[in-house]
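K.L.:
Can you keep this structure in mind? I'll have questions shortly.
FYI, it's all coordinate maths here, none of it is from the lab. Quick caveat: nothing in here was measured; it's all calculated off a predicted structure. All Cβ positions, glycine included, derive from the backbone under ideal geometry; neighbour counts span all protein chains shown.
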Amino acid sequence: MKERTKPKKTASILRFFPFTKGLRHKFVLAMVMVIVGVVANYMTPQVIRVTVDSVIGEVPFNLPGVLVRFIESIGGREMLRQHIILCAAVSLLFAVIAGFANYSSRMQLTRACEGTVARLRDRLFGHIQRLPYAWHNSHQTGDIIQRCTQDVELIRAFVSDQLMEVIRTVLLIVVSLALMFTMNVGLALIVSAFIPVVLTLSIVFFVIVGKRFQIADETEGQLTALVQENLTGVRVVRAFGRERYEIDRFNRKNEEFTDYWVDLGKIMSFDWALGDFSAGLQVLVVIAAGVLFVARGNLTAGEFLAFTAYNSMLVWPVRNLGRLLSELSKTSISSARLCEILDAAEEADGPEAGVPEIRGDIVFDHVSFGYPDSSVEVLEDVSFTVKEGTTFGILGATGSGKSTLTYLLDRLYDLPEGQGTITIGGVDIRQIRRDHLRKNIGIVLQEPFLFSKTFRESIADGAGRDDLRTVRHYARIAVIDDAIENFAQGYDTPIGERGVTISGGQKQRVAIARMLMQDTPIKIFDDSLSAVDMETDAKIRRSIQENVHGTTILIAHRIATLMNADQILVLDHGRVAQLGTHEELAHTEGIYQRIYEMQKGQSEEAAE
């Protein structure tokens, strides 16, 4: 099982503060409205206290001097007794103010939060686009998707729901205790004694839940990756009758994921139950002590009602603070997982990298290379030259390093210092900006990826033009025009996700047309004719030879595909075994001759 990584201490929610730029005034306004709402909520028990003690009862008004003078100016205690509804109206006014403040806070926070998270998504996607090819190879697609969706959603939920709730909770605790101490110090101390107990329990569970949530979150990423892999390879699953195997594999991972969350639920339920018991015990103790204080004359009836109201209002914030800590624990793990992506180093060009014209000979000079996760070198001291404007063939067994040559030429992997050089027109490719280099090198892979678009959109993808005449021109060169026209909607026919509605050979030819339409000076065909028959292979090669200009590199297993190349390189276990023309290699004892003899009948048939 993949080793689990601990969240970095620097990967806190504060790492996302820069994404709030331009929206911070909305957060501030939301905070102000939260304060207004809290104050308004806490005025209602005060209205009840004054009404019971000083309007209905005979206790002097315990209010600021301004309010006392105002009450006296409108008729004093007698007027309020005759119009007791005014007290209810004041209470209702505070409720309206609290409701409006809560609404305004929520609206401002929503706008600010959604804008912040939208920027985070944009940054994540843009950053992932610029990460090295090696990074993508070492991370599961499903796990990346899970981080960019579920983990981002947890960040959004925390900012939109929990963040202001933390502020509200702290305010409620501070204001409640302050008002309680003004009414009765002894009873306020009893309430205060419960707060450290609840907070301590919350912090303990915060630590416990954090560790387990990390495991559960990573397991969810693995589950997402499994689903994505299964859906991507659905044709292979069906072809080999692996439905039951895949279902069992999913069930095992799903059961593991479920068990983690059940364990989490048990812990959190115990935490909440213990907290609820503490909260209930606090209410019971305060009511019992309050009744005793009233009986002894240390507390008025109005103060007791207000005190119990404040205690009830305090119980939930203190209890909720523990739950907010649990949510913060989840958010901190999600933050760490997102920061692992954001902290990954992007592809970077050196300060000397420029945009020279891509032309001239391609030279591999004593190139050796091994992949980062492997101790074995794929290429060993490989040297050859591809003359400008010629066709260069590469032949070799699976794993001999053929595709690695194209990865290095396109800088999908960078050649380490001291491991040789690759130059185009005498310029080291490390001194050419990656985006400029890749725009001038067209590649068609053996298993090309087609987006869920129409034939027309797929062929014109990235070319900057999509007029049907030009699209059909390149489709004819790739010998796919007739096949497309046979579809009911012609070039407007959707080809489905990853081109699932067309055959492998058609998919390869669409990819060839797409690459040719880029009109790059260097074109690489990485075994991209493997899914077509010999006759179509010959037609495509003849069509490309007659209509396409520039430097062409052909990688193939078929001699027929390579025999017309100007030079042919034979690789064997990462080394140059042979180099020459078809005629030279066919008459020289070696790997090429042996393969040629085995395929001779097919090659001669295709050459006719």
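K.L.:
Provide the net charge surrounding residue 307, with neighbours chosen by a C-beta distance below 13 Å and charges set as Lys +1, Arg +1, Asp -1, Glu -1.
P.N.:
Value of the local net charge: -1.
K.L.:
Moving to a separate point now. Report the FRET efficiency, 1/(1 + (r/R0)^6), for residue 385 and residue 199, where r is their Cβ-Cβ distance and R0 is 56 Å, rounded to 0.05.
P.N.:
0.15
K.L.:
How about segment 102-176: which trypsin sites (Lys or Arg not before Pro) there lie in a loop by DSSP and see at most 16 other Cβ atoms within 10 Å?
P.N.:
Answer by residue number: 130.
K.L.:
What ratio of Cα Rg to 2.2 N^0.38 Å holds for segment 13-342?
P.N.:
After normalising by residue count via 2.2 N^0.38 Å, the value is 1.34.
K.L.:
About the Cα centre, and with charges only on the beta carbon of Lys, Arg (+1) and Asp, Glu (-1), how big is the dipole of the chain? Nearest 20 debye, please.
P.N.:
Computed about the Cα centre, the dipole is about 2860 debye.
K.L.:
Around residue 33, with a cut-off of 14 angstrom between Cβ atoms, what is the net charge of the other residues, counting Lys and Arg +1 and Asp and Glu -1?
P.N.:
+3
K.L.:
Mind sorting 474, 596 by how few other Cβ atoms lie within 10 Å of their own Cβ, fewest first?
P.N.:
596, 474
K.L.:
For a Förster distance of 30 Å, can you work out the FRET efficiency between the beta-carbons of residue 111 and residue 342, rounded to the nearest 0.05?
P.N.:
The value I calculate is 0.80.
K.L.:
Could you go through segment 405-421 in sequence order and give the Karplus-derived ³J(HN,Hα) for each residue, using 6.51 cos²θ - 1.76 cosθ + 1.60 with θ = phi - 60°, rounded to whole Hz, and x for Gly and Pro?
P.N.:
In residue order, the calculated couplings are 4, 6, 4, 5, 5, 8, 6, 5, 10, 8, 6, x, 4, x, 10, x, 9 Hz.
K.L.:
Which order do 217, 467, 161 fall in if you start with the one that has the fewest other Cβ atoms within 10 Å?
P.N.:
In order of increasing Cβ crowding within 10 Å: 467, 161, 217.
K.L.:
What is the P(r) of segment 498-608, as percent of Cα-Cα pairs per 10 Å bin from 0?
P.N.:
It works out to 13, 43, 33, 10, 0, in whole percents.
K.L.:
Using only the Cα atoms of the chain, build the gyration tensor, take square roots of its eigenvalues as a ≥ b ≥ c, and label the shape rounded, prolate or oblate: rounded if a/c is under 1.5, else prolate if a/b is larger than b/c, else oblate.
P.N.:
prolate
K.L.:
Follow-up. Which order, highest average first, do 378-384, 438-444 follow once you tally other Cβ atoms within 10 Å for each residue and take the mean per peptide?
P.N.:
Highest to lowest by the protection proxy: 438-444, 378-384.
K.L.:
Order these peptides, 415-428, 512-525, by their mean beta-carbon neighbour count within 10 angstrom, highest first.
P.N.:
512-525, 415-428
K.L.:
Hey, got the Cα dimensions of segment 447-519 along the principal axes, in Å, largest first?
P.N.:
So the extents along the principal axes, rounded to whole Å, are 26, 24, 18.
K.L.:
What is the extension gain from residue 476 to residue 312, computed as 0.36 nm multiplied by their sequence separation minus the C-alpha to C-alpha distance, in nm to one decimal?
P.N.:
51.2 nm
K.L.:
Return a single number: how many Lys pairs in segment 13-342, at a sequence separation of 8 or more or on separate chains, have alpha-carbon atoms below 30 angstrom apart.
P.N.:
The number of close lysine pairs in segment 13-342 is 8.
K.L.:
Using a cut-off of 14 Å between beta-carbons, work out the net charge of the residues near residue 383 (Lys and Arg +1, Asp and Glu -1, residue 383 not included).
P.N.:
-3
K.L.:
Taking the number of other C-beta atoms within 10 Å as the exposure measure, put 300, 258 in order starting with the fewest.
P.N.:
258, 300
K.L.:
Output ³J(HN,Hα) for segment 282-299: one whole-Hz value per residue in order, computed from phi by the Karplus curve 6.51 cos²θ - 1.76 cosθ + 1.60 with θ = phi - 60°, and x for Gly and Pro.
P.N.:
Once θ is set to phi - 60°, the couplings for segment 282-299 become 4, 4, 4, 5, 5, 5, 5, 5, x, 4, 5, 5, 5, 4, 8, x, 8, 8 Hz.
K.L.:
Which value, to two decimals, describes the C-alpha radius of gyration of segment 248-401 once divided by 2.2 N^0.38 Å?
P.N.:
That ratio works out to 2.33.
K.L.:
What number does segment 380-449 give for Rg over Rh if you use C-alpha atoms and the Kirkwood radius?
P.N.:
That ratio is 0.93, to two decimals.
K.L.:
I've got another one for you. With contacts defined as alpha carbon pairs under 8 Å and 6 or more residues apart, what's the relative contact order of the chain in percent?
P.N.:
RCO, the chain: 14 percent.
K.L.:
Still on this model: Hey, with R₀ at 30 Å, roughly what FRET efficiency would residue 283 and residue 13 work out to, going by the Cβ-Cβ distance, to 0.05?
P.N.:
So the FRET efficiency works out to roughly 0.35.
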